[in-house]
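K.L.:
So that we are looking at the same thing, I have put the structure below in structure tokens.
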Amino acid sequence: MPELPEVETVRQGLARWVTGRQIGAVEVRHPRAIRRHLPGAAHFADVLAGRTVRDARRRGKYLWLPLDSGDALVGHLGMSGQLLVQPVGAPDELHLRIRFRFTDDGPELRFVDQRTFGGVAVSTGGAELPREIAHIARDPMDPEFSDAGFVAALRRRRTEVKRALLDQTLISGVGNIYADEALWRAGLHGVRPTDALTAPAAQRLLGHVRDVLGEAITAGGTSFDALYVNVNGESGYFERALNVYGREGEPCRRCGTPIRREAFMNRSSYSCPRCQPRPRTAAPRG
DNA sequence: CCTCATTCCTGCGGGC
DNA sequence: TGCCCGCAGGAATGAG
């Protein structure tokens, strides 16, 4: 599942392989992939044809390509989206949704997405920070991210700490996997109330979030292929560096206690029962 | 404004 | 063997 590190790997690939190139024919093969582009598929292709890609940027899990028109091609990979750079004529992927050709007849860009939670759109809301992304908080790898602001905002919330980490309007880029990993590093259970965290504890948690994201970006970079702009979350980093996510019943790498899995928002949370005890003050449920 | 449940989607694997 | 169902999960949306 693409979270910030995977999206950053994609961004780096786009910056290298797409920046400076002029878009040609655009083929929308599945309307759901452009459902956020309200004027529809024909308009989408029309406004992109002839435009030159100026850059590849990211905030949290969102990507955008500023164009020479002043607009931007905005995208989100959702659960299963990929942006691939493929030679013209390479066999279509089973779940190919959009094909972007370039006027130089070089490798084409493909949006491939099995579960179609992802999508792209042309934003006329500015190339610097498209309005479709403006409601998302800065991510912790952003040089202008405010640690003090985050700590204060987190402690003002009246919710559980894992829910807060997943709230993209508070801090962006963190998904279920890296939230669990950061909480394990911090020794905090995800249901801890945010308003009971001390400022130093919140700052330590933020440090762990930043650490785990940074390490994953580094690992993602090592698996980057020269041709494929790869969302390759399952390789490398995932297999060797995850401490809790997906490790139910396996020993905690810190204390040996079997990792537990708990239901959380129609999905799962993984934690160490000993390193991350449930808070005694947690509100009773049920 | 804030918090939270619901909904979108498809491949996979377990159970029977 | 084959069917059914649960699960994976980011974020928009609307309810309260």
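The values are calculated or read from the model by the stated rules, or taken from the named source; none is laboratory data. The structure presented is a predicted model; accordingly, all values stated were derived computationally and were not measured. Ideal geometry is used to build each Cβ from the backbone, glycine not excepted, and the neighbour counts take in all protein chains shown. For accessibility, only protein heavy atoms count, side chains too; no ligands or nucleic acids. Shrake-Rupley method; radii C 1.70, N 1.55, O 1.52, S 1.80 Å.
K.L.:
Which distance in nm do the two modelled labels at A:A25 and A:A42 give, with both placed 7 Å along the Cα-to-Cβ direction?
P.N.:
1.7 nm
K.L.:
Sticking to Cα atoms, compute the Rg of chain A to one decimal and its Dmax as the biggest Cα-Cα distance, whole number, in Å.
P.N.:
Over chain A's Cα set, Rg and Dmax evaluate to 20.2, 63 Å.
K.L.:
Continuing with this model, one more query. Return the sequence-ordered ³J(HN,Hα) values of region A:2-10 in whole Hz as given by the Karplus equation 6.51 cos²θ - 1.76 cosθ + 1.60 applied to θ = phi - 60°, using x for Gly and Pro.
P.N.:
Once rounded to whole Hz, the list reads x, 10, 3, x, 5, 5, 5, 4, 5.
K.L.:
Given R₀ = 51 Å, FRET efficiency for A:R131-A:R278 by Cβ-Cβ distance, to 0.05?
P.N.:
Numbers: r = 41 Å, r/R0 = 0.80.
It comes to 0.80.
K.L.:
Hey, another quick one. Go from 0 up to the bin containing the longest alpha carbon distance in region A:1-53, width 5 Å each, and give me the % of pairs per bin.
P.N.:
In order of increasing distance, the bins hold 4, 18, 17, 18, 25, 17, 2 percent.
K.L.:
Just how large is the dipole of chain A about the Cα centre, in debye to the nearest 20, putting +1 at every Lys and Arg Cβ and -1 at every Asp and Glu Cβ? Could you put the intermediate results ahead of the total?
P.N.:
Working: 41 positive and 33 negative charges, 269 e Å.
With Lys and Arg at +1 and Asp and Glu at -1, about 1300 debye.
K.L.:
Over 26 Å apart: what share of the alpha carbon pairs of region A:4-123 falls there, rounded to a whole percent? Could you put the intermediate results ahead of the total?
P.N.:
Numbers: 512 of 7140 pairs.
Cα-Cα pairs of region A:4-123 separated by over 26 Å account for 7 percent.
K.L.:
Would you pull out the residues with amide H under 5 Å of A:F102's amide H, same chain only if 5 or more places away, H placed 1.01 Å from N?
P.N.:
It is A:G24, by chain and number.
K.L.:
Just the accessible area for A:Y62, please: 1.4 Å probe, Å², rounded to the nearest 10?
P.N.:
60 Å²
K.L.:
OK, next. How much length would be gained if the chain were fully extended between A:Q114 and A:V88, taking 0.36 nm per residue of separation minus their Cα-Cα distance, in nm to one decimal? Could you put the intermediate results ahead of the total?
P.N.:
On the way: separation 26, 0.36 × 26 = 9.36 nm, distance 2.12 nm.
In short, 7.2 nm is gained.
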